[in-house]
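The values are calculated or read from the model by the stated rules, or taken from the named source; none is laboratory data. From a predicted model like this one, the values you see are computed outputs, not experimental measurements. Glycine gets a Cβ as well: all are built from the backbone with ideal geometry, and neighbour counts include every protein chain shown. When the accessible area is computed, the model is the full protein with side chains, heavy atoms only, and any ligands, DNA or RNA have been set aside. Shrake-Rupley method; radii C 1.70, N 1.55, O 1.52, S 1.80 Å.
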Amino acid sequence: MEPVMQLKSWIEESKNIVFFGGAGVSTESGIPDFRSQDGLYHQQYDYPPEQILSHTFFVRKPEEFFRFYRNKMLAPDARPNRAHLALAELERAGRLKAVITQNIDGLHQAAGSREVLELHGSVLRNHCMRCGKFYGMDAILNSVGVPKCSCGGVIKPDVVLYEEGLDMDTLNRAVNYISRTDVLIVGGTSLTVYPAAGLIDYYRGRKLVLINRDATPLDGQADLVIAGKIGEVLGEAVGL
């Protein structure tokens, strides 16, 4: 059976699907990924992006951190693409139990998904490091230099920086969903960022689907591998 038709068949047969996705899910919305030829790691800055996006750099050079963060990590005009919309539709249809994402852009929720586990946080949430007051993305976008709270504290994005640990509650919920799911669809991720990539080891079923533009280290373990754009594949499989 043709790969996309096989995926379509598995989707139609199941009411216990989990999706695990990475940066490739949002590239069709105009948000750059990190590791492809056009990604952030292949662009030139005074410091490597992985250094800028570290906790140490945030503490030592906050002005430079926020300059990069505003320019490259925020995309206020981005809109959900077919991948986001297809997943939201599957949830509404009672087939998809959860979206587990490495992305921080909030596009799954914008598309209508309700059960979204954000492993790396969200640019839409920001809190004062001193008093804990909440701020939306506009507080970062409309500030100059280091954004400050009305109390004078630094406003920090609720995103997981390098050197910071993942939220254990979110991680445990992700493990629970993956270990119990019938169909696990993995898309738009290179599966090289740990501990997130290690979540797939908890899958116990026989319908592991990998959808990605490039090959991944786990292709050999998958029951179905589809090379292509995640939005096109999911859109066709779901009928959007």
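How do the peptides 163-174, 21-32 rank, highest first, by the average count of neighbouring beta carbon atoms within 10 Å per residue?
21-32, 163-174
Just read off the accessible area of residue 128 with the full protein assembly in place, 1.4 Å probe, to the nearest 10 Å².
The accessible area comes out at roughly 10 Å².
Using the 2.2 N^0.38 Å rule of thumb for compact globular proteins, work out how the chain stacks up: its C-alpha Rg over that value, please.
Rounded to two decimals, the normalised Rg is 1.03.
Which lysines does residue 61 reach when only Cα atoms under 26 Å apart count, and residues fewer than 8 places away in its own chain are ignored?
72, 133, 148, 156
Would you mind calculating the relative contact order of the chain from Cα pairs under 8 angstrom and at least 6 residues apart, reporting the percent as a whole number?
25 percent
With both bridge residues required to lie in the chain, what share of the DSSP beta bridges run antiparallel, to the nearest 5%?
If we restrict to bridges inside the chain, about 25 percent are antiparallel.
Measure off, as a whole percent, the carbon and sulfur share of the 1.4 Å-probe accessible area of the chain, all protein chains present.
Within the chain, the accessible surface is 48 percent carbon and sulfur.
Mind ordering 210-222, 90-102 by average Cβ neighbours within 10 Å, highest first?
Ranked from most to least packed, the peptides come out as 90-102, 210-222.
I'd like to check one number: the per residue accessible area of the range 84-240, probe 1.4 Å, reported in Å² as a whole number.
Result: 46 Å² of accessible area for each residue.
Please state, to two decimals, what the Cα-based radius of gyration of the range 154-240 comes to when divided by 2.2 N^0.38 Å (N = residues).
Normalised Cα radius of gyration, the range 154-240: 1.23.
To the nearest 500 deg cm²/dmol, what mean residue ellipticity at 222 nm is calculated for the chain from DSSP H runs of n ≥ 4 alone, each contributing -39,500 (n - 2.57), summed and divided by the residues?
After summing the helix terms and dividing by the residues of the chain, the value is -8000 deg cm²/dmol.
Give the Rg (one decimal place) followed by the Dmax (whole number) of the range 96-224, computed from C-alpha coordinates and expressed in Å.
Gyration radius and largest Cα-Cα distance of the range 96-224: 17.2, 54 Å.
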